[in-house]
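Notes to accompany the following structure.
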Amino acid sequence: MKNKRVLAAVASAAVAGLLLSACGNGGGDSGSSGPVSLSVWTGFTGGDRPGYEQIVKDFNAAHPDIKVTMTVQPWDTITQKLPSAWLTGQGPDIAAPSSDPNAIAQYVKTNSVLPITATGTGDDKVNVDQFAPALVKEFTYNDKLYAVPANYATLSLYYNKKLLPKAPATLAEFQQDAAAATTGGRYGLVLADNNTIQMWPVLQWLGGGDIVGADNCGTISSAPSVASLQPWVDLVKNKKISPVGLTGAEADSIFSAGKAAMEINGPWAAPGYKSAGIDLGIATIPTGANGQSVTLGSTAPLAISAKTKHPAQAQQFLAYWTSKTAQLKFSTSTGFPPLRTDLADDPTLKADPTVSVFAGQVPNAKLYLPQVPNATKVDSDAYVPLIQKITRDGDVAGGTAAANTQINQLTGCGK
């Protein structure tokens, strides 16, 4: 799955040190007559990397007065080095600080990122009105925008046409098909619960449940949430529609081997499944209990150092990165949906059956634990253990009650 599933090993201190010295705030071009130099750090080491590199290449070609250099390194290297680099002014002008969108909050607290003011309409502005509302909200603190989405990937329903000729259209059909397709050593729906982009929240949302409310208090033990989880837990525990305790890579391997009828996954998975010979179908997530489709959206922030010497040029680069021109080219070359909502009906994207499914779900996508305090720990210490527990013992009410208490402690609910 996506490169965020299993992060690459941390680079050596020597290499990281070289990166720091090489990428510091504008390349030391102050006072020179040449183009302004901007340094960018990202962790996009996966199959979508060429798409991001093309954005940089096209920007440089169109802006001879600005020279952008992008350094790609593992996410954990960035996580280790960027906080102090930005505080001391030795870091890059621009960075994707983490694959976790909530990570931008810590940089806002330390005054390490620049508020983005070049917003509005036009090619030289960041067109925030054309972003999915959830993305704007995620990167806004105290009414100021501190990052733009570097990407926006939605999850869709992958299905093996040899095992399931037609994709389910409703939640009821989804559950029925998962049970019916589980036979003869094959699984109806492989569900990963760790080291993966989360799939279980999608199942909850379809049934009217959720994890944390707008007040940062847990809702996982509410009646709607318990009711949303119970049927899927029963299907896993009693009908054996999926092995329990799967990592994302393990779930992918089962589907890729033709041993599962369905999987919830992102656009990064399609090329591998096709090359494995799967008779692949990709469909919109089935409609939920309220008749609406909902899915999970995944993004990474792209922000500007508060100490950059070239704030105007840095904002100009973000405007180009998120522009219609760049996003259309990125989407057609990588299979990822564009992060803009005004490209969903573009003829070029609609002509691609894979891209069109993911792009069409951008308006219906929700982020996982958006701006929730300690979101990473809520996931790793409460939600993942909950799913692993209840899919084994079946006690949804008891498990969610304990998880809700832990979530409230982590988020500071009521304080």
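The values are calculated or read from the model by the stated rules, or taken from the named source; none is laboratory data. Because the structure is predicted, anything quoted here is derived from the model rather than measured. Note that we place each Cβ from the backbone using ideal geometry, even for glycine, and neighbour counts take in every protein chain shown.
Can you go through 222, 242 and tell me which one is polar (S, T, N, Q), over 21 Å from the mean Cα position of the chain (by Cα) and over 26 Å from residue 279 (Cα atoms)?
222
Within the bounds of the range 119-131, is there any residue that is in contact with a His (Cβ under 8 Å, 6 or more places away or on another chain), in a loop (DSSP other than H, G, I, E, B), more than 30 Å from residue 260 (Cα to Cα) and charged (D, E, K, R)?
no
Residues of the range 276-299 being modelled with pLDDT of 95 or more, of a type in the set (S, T, N, Q) and surrounded by fewer than 20 Cβ atoms within 10 Å (Cβ to Cβ), which ones?
Scanning the range 276-299 gives 284, 287.
Please find, among 351, 365, 326, the residue that is within 27 Å of residue 280 (Cβ to Cβ) and either in contact with a Lys or Arg (Cβ under 8 Å, 6 or more places away or on another chain) or buried (at least 17 other Cβ atoms within 10 Å of the Cβ) (or both).
Values: 351 fails: either in contact with a Lys or Arg (Cβ under 8 Å, 6 or more places away or on another chain) or buried (at least 17 other Cβ atoms within 10 Å of the Cβ) (or both); 326 fails: within 27 Å of residue 280 (Cβ to Cβ).
Among 351, 365, 326, only 365 is within 27 Å of residue 280 (Cβ to Cβ) and either in contact with a Lys or Arg (Cβ under 8 Å, 6 or more places away or on another chain) or buried (at least 17 other Cβ atoms within 10 Å of the Cβ) (or both).
On the given criteria, is residue 56 under 22 Å from residue 309 (Cα atoms) and either touching a residue at least 40 places away in the same chain (Cβ under 8 Å) or polar (S, T, N, Q) (or both)?
no
Looking at residue 240, is it surrounded by fewer than 23 Cβ atoms within 10 Å (Cβ to Cβ) and on the phi > 0 side of the Ramachandran plot?
Here the answer is yes, as residue 240 does meet what is asked.
How many residues, within the range 191-222, are aliphatic (A, V, I, L, M), part of a loop (DSSP other than H, G, I, E, B) and closer than 20 Å to residue 293 by Cα?
So the count comes out to 4.
Within the range 31-70, how many residues are of a type in the set (Ser, Thr, Tyr) and loosely packed, with under 15 Cβ neighbours inside 10 Å?
Of the residues in the range 31-70, 3 are of a type in the set (Ser, Thr, Tyr) and loosely packed, with under 15 Cβ neighbours inside 10 Å.
Within the set of pairs 6 or more residues apart or between chains, which connect a residue that is not assigned by TED's automatic domain parsing to the domain that holds residue 196 inside the range 227-253 to a residue that is hydrophobic (A, V, I, L, M, F, W, C) with Cβ atoms less than 8 Å apart?
Between residues of the range 227-253 that are not assigned by TED's automatic domain parsing to the domain that holds residue 196 and residues that are hydrophobic (A, V, I, L, M, F, W, C), there is no close pair.
Could you tell me whether the range 120-141 includes any residue that is more than 22 Å from residue 338 (Cβ to Cβ), without any contact (Cβ under 8 Å) to a residue 40 or more places away in the chain and aliphatic (A, V, I, L, M)?
Within the range 120-141, not a single residue is more than 22 Å from residue 338 (Cβ to Cβ), without any contact (Cβ under 8 Å) to a residue 40 or more places away in the chain and aliphatic (A, V, I, L, M).
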